Amino acid sequence: MNYITERSKKILFKIASEGKCTIRDIKNSIGVSERTIYSDLKEIEKFLENYDITLIKKPRVGVWIEGDEKVILNMSMDIIKEKIDHDGVYRDYKHCILFELFNTNDYITINDLADKIFASRSVVENKLAEIKKFLEKNNLVLEKKPSRGIRVVGDEKSIRFAIVELFKSDNNNLIVEYGNKNEADIINNNLRNDIKDVFISIDVNAVIEMVDEIAKLDEVCFTDVSYNSLVINLIVTIERIKLGKFIYFDLNTINKLKTEREYNLANIIVNMISNRFNISFIEEEVCYITILLLSSRIQKKVLDVNKRINSSFDNVVSLCDRGIKEAEKVVNIKFEDDPFLRQELYIHIKAMINRILYGINIENPFTVKIKTEYCISFEAALVFKNLIYQEYGLRLSIDEIAYIALHFQVSIEKFKRESKKIRVAIVCSVGLGNLSLIAMQINRLIPDLEITHKLSVIDLIDRKLDADFIISTVPIFKSSIPVLQIEPFISSQDIIKIRQMMEKTKVNTVLIQKKNFFKSLINKSWIFPKVKGLNQEEILKMLTNKLTDKNVVNEKFLNSLLVREKLESTAFSNVAMPHGDPDHVKKTAIVICTLDKEILWGDRYVDIIFLIALSKDNYKNLQTIFEYFYYLIEDRELISKLKNATTSNEIYKIIMN
């Protein structure tokens, strides 16, 4: 189905409801040039082809639509129900209502709102609770007055952030692709169309071109996300200033912001906007753009970043260094060996601190996924929660912690790539020449594969192989090692098959290792089924006392568990996995406890607890335990069996099998 913009929808509704319209009527109603209207009519014409409806255009008469009345009614209802949007995707009324509320200076009635968004009164009323929640999250209030209507109340900065948030919530993946592309190509098509639909009077392409010019300045280096963010924020700023909505700061804030290096860049941006859009800026608006720059990952060129990192005067540098060292202790990974991690953390945390200081809240749509799938990285990132509070008195949200975790995950992935290669034996029946040719091709095309043996079929008999799998040109039966058969002259399809086999081998090998290690720590004496009547702290105390009595942990272990839970809850789904400081663990143990009834654990209700006590000797295996643990809790059938089990012996068998 062809795409139709919000402006074209409004024009089409006017034509459909009034029967016949002149171009002047449409111009006065919509507020755009005749040239733009003619362009929109072409779009409408193509759109109506989907319904077998014809758009009639007659000079000095006007425009109207012709077709079956029922079909015309169905088309109108399709748009009203908002089933048509970019590529046919459903769009929520919430956004339309909020944009209308943000753009009005006074109260607006429910009926007027419904008319403006082409919806019924009940549709608007049904969305108000969701809208109120969104506004409260952004420090805004939905104020109601009988006979007058509703309006948004709050400071201008919060309103602008809320408008930007609306775009971001619909466009979590703002980047289309990487590579040698112009900055203008970074904005994806859905986002660009959304902006154009809402800010009809602003030349969006002109703003993008302006940001492109800024990106070419010697001192400016954009990340892709900061580029998108700046484009959206500048468009919102221009629109709000045109509506006469200005931001105000106290004198101390203004003076502080004027000392920042980003203030000079903000002045350059303001001059560009003033010249292109013929609008004037008060000093506070320059300060506002300074905050946007401070709060994003718009940085000096890498050389300058390295210079700042190596400077002892920047306290963010020392904070990052302390954080990396503490993270190493927590997860037992040598992050200091990755110089890029230090640089990336510095850039991210510098911007993050400014975001929090100036009240810019961000949501991370992938927080739950990061916390569960990248649990080691999340544990590493948690150290910054205390460090930043101690240094700046700022509290990090779980979303901010999850963003930091991504940087640690990148570093961990690098270590994984540098780890042990997969080993293969090559078997060929054609001859030594062909065998050598296959080996050379594999070495060239798949360098991360280690060839341990090159054998004929006869050589293979009774040969003990040190390999993860065999690549063979002939069928091999009764092999204890997996076999992948390829053609005698290796093809591109064979290379794909080899890579698939490598991935399968990696997954199977790692999973078996994790499973075996996890099972080795399970002991029947540390399984407690159907515990009753205790809260979170009481359960931790009860389990820790049992471990202390058996000389598994010392008396400080309980406090380390409570400190970790304060940082962030260890609950996932209906399962909790508390873990404490290895300095207080004498012997490694995993304690399993099921509850008679669910209890509140942080922000979730749980009825299964895996308490992890890892000694220093075994702490290097923390990642192994975490990853296998999350593999287990994804098995809902297994979790259900654990919940229903009534004896420790039953639970032990479920885990071991």
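The table for this structure:
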| read-out | value |
| --- | --- |
| Residue check for LEU341: touching a residue at least 60 places away in the same chain (Cβ under 8 Å), of a type in the set (A, V, I, L, M), assigned to a helix (DSSP H, G or I) and touching a Ser or Thr at 6+ places or on another chain (Cβ under 8 Å) | yes |
| Every residue from region 543-553 that is surrounded by 15 or more Cβ atoms within 10 Å (Cβ to Cβ) and over 30 Å from TYR374 (Cβ atoms) | LYS546, THR548 |
| Matching residues in region 80-119 - criterion: being at pLDDT below 80, assigned to a helix (DSSP H, G or I) and buried (at least 19 other Cβ atoms within 10 Å of the Cβ) | TYR93 |
| Residues within region 140-165 that are of a type in the set (Lys, Arg) and touching a Lys or Arg at 6+ places or on another chain (Cβ under 9 Å), tallied | 4 |
| Residues that are of a type in the set (S, T, N, Q) and over 22 Å from LEU614 (Cβ atoms), drawn from region 316-347 | SER318, GLN343 |
| Single unsatisfied condition, ARG240 versus (1) at pLDDT 60 or above; (2) among the basic types (Lys, Arg); (3) farther than 30 Å from ASP106 by Cβ | (3) |
| Pair list, Cβ under 7 Å, 6 or more apart: region 198-226 residue closer than 26 Å to GLU6 by Cβ, other residue at pLDDT 85 or above and open to solvent by 60 Å² or more (accessible area, probe 1.4 Å) | ALA206/ARG276; MET210/ARG276 |
| Condition met for SER296 (open to solvent by 10 Å² or more (accessible area, probe 1.4 Å), under 19 Å from the mean Cα position of the chain (by Cα) and either at pLDDT 85 or above or more than 30 Å from ALA576 (Cα to Cα) (or both)) | yes |
| Qualifying residue in region 522-543 (condition: in contact with a Leu (Cβ under 9 Å, 6 or more places away or on another chain) and farther than 21 Å from LYS597 by Cα) | no |
| Residue list for region 632-651, restricted to those being part of a helix (DSSP H, G or I) and within 15 Å of LYS515 (Cβ to Cβ) | LEU632, ILE633, LEU638 |
| Count of region 350-383 residues which are closer than 19 Å to ILE412 by Cα and either buried (at least 19 other Cβ atoms within 10 Å of the Cβ) or in contact (Cβ under 8 Å) with a residue 24 or more places away in the chain (or both) | 16 |
| Hits in region 120-157 - residues which are out of contact with any helix residue (DSSP H, G or I) (no Cβ under 6 Å at 6 or more places or on another chain), surrounded by 18 or more Cβ atoms within 10 Å (Cβ to Cβ) and among the charged types (D, E, K, R) | LYS157 |
| Residue in region 384-400 that is nearest to the chain's Cα centre (by Cα), counting only those that are in a helix (DSSP H, G or I) and either surrounded by 22 or more Cβ atoms within 10 Å (Cβ to Cβ) or at pLDDT below 85 (or both) | GLU400 |
| Residue that is surrounded by 15 or more Cβ atoms within 10 Å (Cβ to Cβ) and touching a Pro at 6+ places or on another chain (Cβ under 9 Å), where the choices are ILE404, ILE422, ILE438, ILE446 | ILE438 |
| Pairs with Cβ under 6 Å, 6+ apart, first in region 231-250 and more than 24 Å from LEU357 (Cβ to Cβ), second part of a helix (DSSP H, G or I) and open to solvent by 10 Å² or more (accessible area, probe 1.4 Å) | ILE238/PHE277 |
| Pick from region 581-613, criterion surrounded by fewer than 19 Cβ atoms within 10 Å (Cβ to Cβ) and over 33 Å from the mean Cα position of the chain (by Cα), ranking: nearest to ASN516 (Cα to Cα) | LYS587 |
| Subset of region 516-540 that is charged (D, E, K, R) and within 36 Å of the chain's Cα centre (by Cα) - its residue that is modelled with the lowest pLDDT | LYS519 |
| Filter result for LYS145 (modelled with pLDDT of 90 or more, under 30 Å from PHE366 (Cα atoms) and out of contact with any Pro (no Cβ under 9 Å at 6 or more places or on another chain)) | no |
| Test for LEU432: is it surrounded by 15 or more Cβ atoms within 10 Å (Cβ to Cβ), at pLDDT below 85 and farther than 30 Å from ILE625 by Cβ | no |
| Residue check, ILE214 open to solvent by less than 20 Å² (accessible area, probe 1.4 Å), modelled with pLDDT of 90 or more and among the hydrophobic types (A, V, I, L, M, F, W, C) | no |
| Of all residues in region 561-579 being hydroxyl-bearing (Ser, Thr, Tyr) and open to solvent by less than 20 Å² (accessible area, probe 1.4 Å), the one that is nearest to LYS385 (Cα to Cα) | SER569 |
| Within region 595-609, tally of residues that are modelled with pLDDT under 90 and of a type in the set (A, V, I, L, M, F, W, C) | 0 |
| Residue in region 610-625 that is modelled with pLDDT of 90 or more and either among the polar types (S, T, N, Q) or assigned to a helix (DSSP H, G or I) (or both) present | no |
| Qualifying residue in region 482-505 (condition: surrounded by fewer than 13 Cβ atoms within 10 Å (Cβ to Cβ), of a type outside the set (Gly, Ala, Ser) and more than 38 Å from the chain's Cα centre (by Cα)) | yes |
| Filtered residue count, region 457-473, keeping only those that are surrounded by 15 or more Cβ atoms within 10 Å (Cβ to Cβ) and either free of Cβ contacts under 8 Å to residues at least 24 places away in the same chain or assigned to a loop (DSSP other than H, G, I, E, B) (or both) | 4 |
| LYS541 being in contact with a helix residue (DSSP H, G or I) (Cβ under 7 Å, 6 or more places away or on another chain) and more than 30 Å from ALA467 (Cα to Cα) | yes |
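The values are calculated or read from the model by the stated rules, or taken from the named source; none is laboratory data. The model shown is predicted, which means the values in this text are computed figures rather than measured ones. A quick note on method: Cβ atoms are made from the backbone with ideal geometry, for glycine too, and the neighbour counts reach across all protein chains shown. Heavy atoms of the whole protein, side chains included, go into the accessibility calculation; ligands, DNA and RNA do not. Shrake-Rupley method; radii C 1.70, N 1.55, O 1.52, S 1.80 Å.
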